[in-house]
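For reference, the structure discussed in these notes is given below.
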Amino acid sequence: RELARAGGVTLNTVVQGVWGLLLGRLTGRDDVVFGTTVAGRPAELAGVESMLGLFINTVPVRVRLDPAQPVVELLAGLQQRQAALMAHQHLGMAEITRLAGPGAGFDTLLAYENYPRNPAGAPAKKSGNLKVSLLGGKQGTHYALMLTVMPVEPLRLLLDYRPDLFGQAGAEAVADRLVAVLEQVAADPGIRVGRVDVLAAAERELVVTGWNDTAAEVPAASVAELFEAQAARAPGAAAVVCGDAVVSYGELDAAASRLARYLIGLGVGPESVVGVAVDRSVLMVTALLAVQKSGAAYLPLDPDYPSQRLALMLADAAPVAVLATAATAAGLPETGTQVVVLDDPATVVA
């Protein structure tokens with residue numbers, strides 16, 4: 001209630017915003033729709049307070065979630081949009097869906113029951129010979145989840161669920177998350193949407209610590225050394241498949257070693273950089289492995305990048321050489337860096 005007053009919104013808007021935020025986090029979406037019940041008794045309709053009949057209607061509520069937006073701003077925007085739609089709350093879902101499309105559909109409902117209630121234990125009311133007694137009842141829902149909000153003191157929340165979709169434990173988990181989110185935004189209305197946590201402490205421990213316990217022994221060897229060891233163990237096994245081409249570990253290791261020795265002859269070695277402008281192919285894998293065998297680092301150069309960007313990358317990294325093919329070499333900018341055309345006959349012989 002303090003949050004609603006401070007933010008200039010209704011308590012209903014606070015619960016709607018939090019429900020939308022929770023649905024978004026549980027479904028992994030940043031744009032969610034749920035249903036809400038409206039009274040359907042506009043004040044401007046003369047005599048509406050004395051008319052008999054069920055005027056309530058169910059309409060969709062859309063909540064768009066920006067992780068960087070403070071929750072107070074989310075709530076203010078939600079109320080502004082809801083207020084603008086009040087004149088259209090008499091429309092049925094068939095007409096709303098026709099106008100807004102299937103995205104207006106929903107499978108969860110929020111009912112804010114903001115009407116006077118008889119206090120517990122209140123005596124039956126009498127009018128002449130007519131006595132009116134308060135009876136209990138049970139409600140069901142055909143929605144996956146239905147949240148009923150009773151703005152009594154303290155605030156009362158009732159979550160109904162379809163047992164064919166949720167078990168009791170699952171529904172209780174949703175209710176616990178809802179309370180947790182309400183507590184977070186009440187404690188810090190300026191908290192950003194992306195910072196609101198919907199995980200329980202045990203769940204967070206499982207995700208951050210349990211599932212992340214992936215420490216393993218790492219061999220004290222380079223990628224090139226690990227590859228050479230694998231080539232020695234299974235030289236005939238397929239290492240690269242590209243279209244109809246199949247290259248074994250032994251063949252790839254030999255080809256990469258030949259290219260590595262060629263690069264070393266050009267002055268390539270540890271702490272140096274070699275550009276690689278080769279399209280996705282067996283030759284590209286050979287080039288990357290050869291650079292690592294020479295002790296250098298490779299600089300990936302996408303031939304589709306603009307020439308100005310490639311020139312900036314080459315100037316910044318200052319590679320000893322650039323590996324390319326006849327097709328990609330034509331698109332490289334003139335920087336003075338030596339270009340080795342891998343499919344040139346002279347290079348192949350060398």
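The values are calculated or read from the model by the stated rules, or taken from the named source; none is laboratory data. All values derive from a computational prediction rather than experimental measurement. We place every Cβ from the backbone using ideal geometry, glycine too, and count neighbours over all the protein chains shown. When the accessible area is computed, the model is the full protein with side chains, heavy atoms only, and any ligands, DNA or RNA have been set aside. Shrake-Rupley method; radii C 1.70, N 1.55, O 1.52, S 1.80 Å.
A few comments on the model shown:
- Filtering region 314-337 to residues that are in contact (Cβ under 8 Å) with a residue 24 or more places away in the chain and open to solvent by 40 Å² or more (accessible area, probe 1.4 Å) leaves A318, V320, A327, G331, T335.
- Residues that are assigned to a loop (DSSP other than H, G, I, E, B) and either open to solvent by less than 90 Å² (accessible area, probe 1.4 Å) or in contact with a Gly (Cβ under 9 Å, 6 or more places away or on another chain) (or both), drawn from region 187-219: D188, P189, G190, I191, V196, D197, V198, L199, A200, A216, P219
- Here L289 qualifies as out of contact with any His (no Cβ under 6 Å at 6 or more places or on another chain), under 20 Å from A255 (Cβ atoms) and crowded, with 20+ Cβ neighbours inside 10 Å.
- L182 vs. criteria out of contact with any Lys or Arg (no Cβ under 7 Å at 6 or more places or on another chain), closer than 30 Å to G20 by Cα and either basic (K, R) or surrounded by 13 or more Cβ atoms within 10 Å (Cβ to Cβ) (or both): yes
- The residues of region 267-285 that are in contact with a strand residue (DSSP E or B) (Cβ under 8 Å, 6 or more places away or on another chain) and within 19 Å of A326 (Cβ to Cβ), listed by number, are V274, G275, V276, A277, V278, R280, S281, V282, M284, V285.
- Near pairs, Cβ below 9 angstrom, 6+ apart or cross-chain, from region 137-152 (touching a residue at least 60 places away in the same chain (Cβ under 8 Å)) to any residue that is acidic (D, E) and buried (at least 17 other Cβ atoms within 10 Å of the Cβ): Y143/D160; L147/D160
- The set of residues from region 220-268 being exposed (fewer than 15 other Cβ atoms within 10 Å of the Cβ), on the phi < 0 side of the Ramachandran plot and part of a loop (DSSP other than H, G, I, E, B) comprises A220, A221, S222, A234, G236, A237, D244, L266.
- Given (1) among the basic types (K, R); (2) in contact (Cβ under 8 Å) with a residue 60 or more places away in the chain; (3) open to solvent by 70 Å² or more (accessible area, probe 1.4 Å), number of the condition R309 does not satisfy: (2)
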